[in-house]
Amino acid sequence: MTISAAVIIAGIIMLSLNAYVLLAGADYGGGVWDFFAAGPRRQAQRDLISHALAPIWEANHVWLILVIVLLFTCFPFAFSTFAIALHIPLTLMLFGIVLRGSAFVFRSYGSDDNATQQRWGRVFAIASIVTPVLLGMCVGAIATGNIDPTMFTAGFGGSFVDRFIAPWLTTFGVGVGLLALALFSFLAAVYLTVEAEGTELQDDFRARALWAALAVFVIAFGVLALAWREAPMVRKALMAGPWALPFHIVTGVAAVTAIIALVARRFRLARVAAAAQVTFILWGWAVAQYPYVLPPSLTISATASPERTLTLTLWGLGVGACVLFPSLYYLFRIFKMERR
Amino acid sequence: MLLRLFGMTDLFAARSQMGVSLAFHILFAVVGIGMPALMVIAEHRWRRTGDAVYLELAKRWSYGTAILFAVGAVSGTVISFELGLLWPEFMHQAGAIIGMPFSLEGFAFFTEAIFLGIYLYGWDRISARAHVWAGAIVAFSGALSGIFVVIANAWMNTPRGFTLVDGRFTDIDPIKAMMTPAAFPQTLHMTLAAYAATGFAVAGIHAFMLLRDPRNAFHRHALTIALLLGAPAALVQPLSGDISARYVAKQQPVKLAAMEAHFETMKGAPLQIGGIPSVSERRTKYAITIPHGLSLLAFHEWNAEVKGLDAFPEDVWPNVTVVHFAFDVMVGLGTFLALLSAVILILRWRKRDIVSHRWLLAAVAIAGPMGFICIEAGWTVTEVGRQPWVIYGILKTADAVTPMPGLIVPFISFTLLYIFLGVIVAYLLYQQVLKSPRGDDTVPERVKAA
């Protein structure tokens, strides 16, 4: 593995996606639990979710913008091919993003009457469920290696379905979509156990976290099975590659730790373990498709922008990080370290 | 079938979708630049004077900002994807050159979102000083992110920082690509526009309320602060417009010709205001004509030669009617705002009470939406005026569009979504205004604070 500027930036894009999944992913998960709020503490659950999200969700959301911007700056051809092939799921995902964010503020700042609150709550919750599935489907489409730029050149035959639907609408893709939804819900439930006040409310989310962990387990195995047929690259890397065994071990350890910690009510530990588990799964995919940005043909080195752009971007990222990380630390210290 | 029904090509659908997305997003982006400044001024005054009306004002403005910022953030996300979804060939070719300002904008936007969260939800959690500073950082980073995005747009108007070999960009220099001839005029014009538009929109709302309730301290304070931001910006905007016009005359003469509906190249060219451009007859009918006006404005010379549309092949003309009309709307309303600002600032300088002049309050109320109309019209001039190019003189918009068919579907879907959101936002803001304190309530609060 040669470490070029392009590889470093590809790594930074993955780190940004990782941050998006751990932070904004949990915000979507919050919407899922808003949808499934039930029992005697239904309103308390919704209030906790809303209280947890309000100050941070917009900052969390920016990680996705950073991913997109870095992708088109440093891997423009991969970005344009990805945007052509996944036009439909990306557009639907954008609808979800717009409706979720808007509905959330409309609920927070709109009229207090119940009907209005419920209506926006519904839109927020449903958009929070649909958007992660679409995001997962886009990732799934990349991982299958179905997106070949030659499909979109002028001379290529192929029907509309062949070019614009078949690459992403696969059982594997749907599986990854559901996996993303389960992971986001799992993260949210675990985080909320830490933020909840009172044992009863904590137990509500503890139970939800454990159910979500079960869902993650089942769906993850389903996705691995589907990869056997539909995503040869993932199959090869995760079953036979040199990283396969260590990957399964660390992911398994993190998953089991999260569950034990939840059962033992060690919620802070559970939060760390859950975040680690999701991170390992994400990087499992990244390692599996290395050195491709967009398999089967677009590699990191072949689609990278000229060296000068990459170097300047790295400088920009360095300066940006000096502003970003202290600010983020300040934000999270104010709103997330209130209960010790 | 659907395509034939609307007679719309995919290219036109893509352009329309981009246009609708930008027109919608710009309203919220501008508010994200102007509103934080207003909030911070109000809060600062509260901290200094102890007048609780200022606190009430800062809080109410921050509710509005929260709603508008959220819609701006998500609609901005849509645009960052749409660059690829609609114009993949443009991003393929230009990504490496203009990615830099977008990356920097990403960090500015991060800062804005982080400190807005702190500002909105941190009233009781951080010190007074830290809170005012958080607001000031939101205001600053909001302006900065706007500047970075406009720098990227300026490159599309005056592309620099590369060598073109066989239609491909080589020898790329992203720094030079940020310092293009259009960058300074455009960012200056846009930043001033953001302050002028937000200031006058807010002033317009409070002036309207004051017409009915002239002694209301809440609305009086609000009007003063909003005009403090809006009036100076609107007053100097014509100067920045002059800088912009001269750069366009030099760098994009065909755009200038379309703006002015100026068909025939000539020395001592007249300025044409209004009128109906007729492309087939190569002339503009029914316009008010000011001899030598265009030469003077574009080059500051009585007899300067101004290239007309006839100096360019017709297939590189933008839509003359749209560009000329949009330009006249912008200049017309902008002039009104500048004159109104001059009156307001003179009265203020002579320590007269603005609120006691009902005609002036009415004028400010009418001026409320004008800044935003100017911004929409101005961007129409910039964007439609650059057509048929996406990168001026280098890449045609038609060659940049996605091969994805049926683009009318996302165009109509996004349009309906944005109309729906626009109605809801307007309704929520209207409710916020209705909830503002009545005249009688504002006096006791003042006493309470003292």
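The values are calculated or read from the model by the stated rules, or taken from the named source; none is laboratory data. Model, not experiment: these values are computed from the prediction. Counting neighbours? That spans all protein chains shown, and the Cβs are built from the backbone with ideal geometry, glycine included.
Condition check ((1) under 14 Å from A:ARG265 (Cα atoms); (2) touching a helix residue (DSSP H, G or I) at 6+ places or on another chain (Cβ under 8 Å); (3) at pLDDT 95 or above; (4) of a type in the set (Phe, Trp, Tyr)) across all residues:
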{"site": "A:ALA182", "(1), (2), (3), (4)": "no, yes, yes, no"}
{"site": "A:VAL190", "(1), (2), (3), (4)": "yes, yes, yes, no"}
{"site": "A:ALA196", "(1), (2), (3), (4)": "yes, yes, no, no"}
{"site": "A:THR199", "(1), (2), (3), (4)": "yes, no, no, no"}
{"site": "A:ARG206", "(1), (2), (3), (4)": "yes, yes, yes, no"}
{"site": "A:VAL216", "(1), (2), (3), (4)": "no, yes, yes, no"}
(request) Among what's in segment B:384-436 and is among the aromatic types (Phe, Trp, Tyr) and within 13 Å of another protein chain (Cβ to nearest Cβ), pick the residue that is farthest from A:ALA127 (Cα to Cα). (result) B:TYR430
(message) Take residues that are at pLDDT 90 or above and either of a type in the set (A, V, I, L, M) or within 18 Å of B:LEU223 (Cα to Cα) (or both) and tell me which of the helices (runs of 4 or more DSSP H) falling wholly in segment B:338-450 contain 2 or more.
(response) B:358-367, B:370-386, B:397-400, B:408-434
(request) May I ask you to say which residue of A:GLY198, A:GLY145 is more than 17 Å from the chain's Cα centre (by Cα), at positive phi, surrounded by 18 or more Cβ atoms within 10 Å (Cβ to Cβ) and not hydrophobic (A, V, I, L, M, F, W, C)? (result) A:GLY145
(request) Could you grab me the full set of residues in segment B:73-93 that are in contact (Cβ under 8 Å) with a residue 12 or more places away in the chain, within 14 Å of B:ASN153 (Cα to Cα) and facing chain A (nearest Cβ under 7 Å)? (result) B:SER80
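Yes or no, residue by residue, for (1) surrounded by fewer than 22 Cβ atoms within 10 Å (Cβ to Cβ); (2) under 23 Å from A:PRO167 (Cβ atoms):
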position: A:MET14; (1), (2): yes, yes
position: A:ASN18; (1), (2): yes, no
position: A:VAL21; (1), (2): no, yes
position: A:GLY29; (1), (2): no, no
position: A:GLY39; (1), (2): yes, no
position: A:ARG42; (1), (2): yes, no
position: A:ILE49; (1), (2): no, no
position: A:ILE56; (1), (2): no, no
position: A:LEU66; (1), (2): no, no
(message) With the requirement that a residue be under 15 Å from B:MET259 (Cα atoms) and either hydroxyl-bearing (Ser, Thr, Tyr) or not in a helix (DSSP H, G or I) (or both), what does segment B:303-324 give you?
(response) B:VAL306, B:LYS307, B:GLY308, B:PHE312, B:TRP317, B:PRO318, B:ASN319, B:THR321
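Residue-wise test of (1) closer than 30 Å to A:SER4 by Cα; (2) of a type outside the set (Gly, Ala, Ser).
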{"position": "A:GLY31", "(1), (2)": "no, no"}
{"position": "A:PHE35", "(1), (2)": "no, yes"}
{"position": "A:ARG41", "(1), (2)": "no, yes"}
{"position": "A:ILE56", "(1), (2)": "no, yes"}
{"position": "A:LEU64", "(1), (2)": "yes, yes"}
(message) Show the residue pairs meeting these rules: Cβ distance below 8 Å; 6+ apart or different chains; first residue within segment A:20-48 and touching a residue at least 40 places away in the same chain (Cβ under 8 Å); second residue buried (at least 17 other Cβ atoms within 10 Å of the Cβ) and of a type in the set (Lys, Arg).
(response) A:TYR28/A:ARG100; A:GLY31/A:ARG100; A:TRP33/A:ARG208; A:ASP34/A:ARG46; A:PHE36/A:ARG208
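Evaluate the following for A:VAL319: is it away from chain B (no Cβ under 14 Å) and out of contact with any strand residue (DSSP E or B) (no Cβ under 8 Å at 6 or more places or on another chain)? It would help to see each step written out before you state the result.
Working: away from chain B (no Cβ under 14 Å): no; out of contact with any strand residue (DSSP E or B) (no Cβ under 8 Å at 6 or more places or on another chain): yes.
Answer is no for this residue.
Which residue, of A:PRO149, A:PRO89, A:PRO132, is over 18 Å from A:GLN43 (Cβ atoms) and either modelled with pLDDT under 90 or among the hydrophobic types (A, V, I, L, M, F, W, C) (or both)? Break it down into steps so the answer makes sense when it comes.
Numbers: A:PRO89 fails: either modelled with pLDDT under 90 or among the hydrophobic types (A, V, I, L, M, F, W, C) (or both); A:PRO132 fails: either modelled with pLDDT under 90 or among the hydrophobic types (A, V, I, L, M, F, W, C) (or both).
When all the criteria are applied, what remains is A:PRO149.
Restricting attention to strands (runs of 3 or more DSSP E) lying wholly within segment B:184-297, give those where 1 or more residues are farther than 30 Å from B:TYR430 by Cβ, at pLDDT 95 or above and under 19 Å from the mean Cα position of the chain (by Cα). Break it down stepwise before answering.
Values: elements: B:271-273, B:276-278, B:283-285, B:288-290.
Answer list for segment B:184-297: none.
Determine, yes or no, whether B:ALA182 is touching a Phe, Trp or Tyr at 6+ places or on another chain (Cβ under 7 Å) and within 18 Å of B:VAL30 (Cα to Cα).
Details: touching a Phe, Trp or Tyr at 6+ places or on another chain (Cβ under 7 Å): yes; within 18 Å of B:VAL30 (Cα to Cα): no.
So B:ALA182 fails the test.
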(request) Could you grab the pairs with beta carbons closer than 6 Å, sequence gap of 6+ or different chains, first residue in segment B:52-67 and more than 11 Å from chain A (Cβ to nearest Cβ), second one basic (Lys, Arg) and assigned to a helix (DSSP H, G or I)? (result) B:TYR54/B:ARG45
(request) Give A:ALA275, A:ALA270, A:ALA286, A:ALA255 a once-over and let me know the one that is under 21 Å from A:SER16 (Cβ atoms), modelled with pLDDT of 95 or more, in contact with a helix residue (DSSP H, G or I) (Cβ under 8 Å, 6 or more places away or on another chain) and more than 14 Å from chain B (Cβ to nearest Cβ). (result) A:ALA275
(request) For residues that are in contact with a Ser or Thr (Cβ under 9 Å, 6 or more places away or on another chain), more than 7 Å from chain A (Cβ to nearest Cβ) and not small (Gly, Ala, Ser), scanning just segment B:94-114, find the one that is surrounded by the most Cβ atoms within 10 Å (Cβ to Cβ). (result) B:GLU112
(message) Exactly one of these conditions fails for A:PRO55: (1) at the interface with another protein chain (Cβ under 9 Å from one of its Cβ atoms); (2) in a helix (DSSP H, G or I); (3) more than 16 Å from the chain's Cα centre (by Cα). Give me its number.
(response) (2)
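Tell me the helices (runs of 4 or more DSSP H) entirely within segment A:134-241 that contain at least 2 residues that are within 14 Å of another protein chain (Cβ to nearest Cβ) and among the polar types (S, T, N, Q).
none
Can you find a residue that is among the β-branched types (Val, Ile, Thr), within 14 Å of A:GLY31 (Cα to Cα), outside any loop (DSSP other than H, G, I, E, B) and at the interface with chain B (Cβ under 8 Å from one of its Cβ atoms) anywhere in segment A:78-96? Outline the logic, then answer.
If we filter segment A:78-96 for residues that are among the β-branched types (Val, Ile, Thr), which is where we start, we get A:81, A:84, A:88, A:91.
Of the ones still in play, those that are also within 14 Å of A:GLY31 (Cα to Cα) are none.
No, segment A:78-96 contains no residue that is among the β-branched types (Val, Ile, Thr), within 14 Å of A:GLY31 (Cα to Cα), outside any loop (DSSP other than H, G, I, E, B) and at the interface with chain B (Cβ under 8 Å from one of its Cβ atoms).
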(message) Just to check your reading of the model, which residue among B:ALA14, B:ALA23 is in contact (Cβ under 8 Å) with a residue 40 or more places away in the chain, crowded, with 20+ Cβ neighbours inside 10 Å and assigned to a helix (DSSP H, G or I)?
(response) B:ALA14
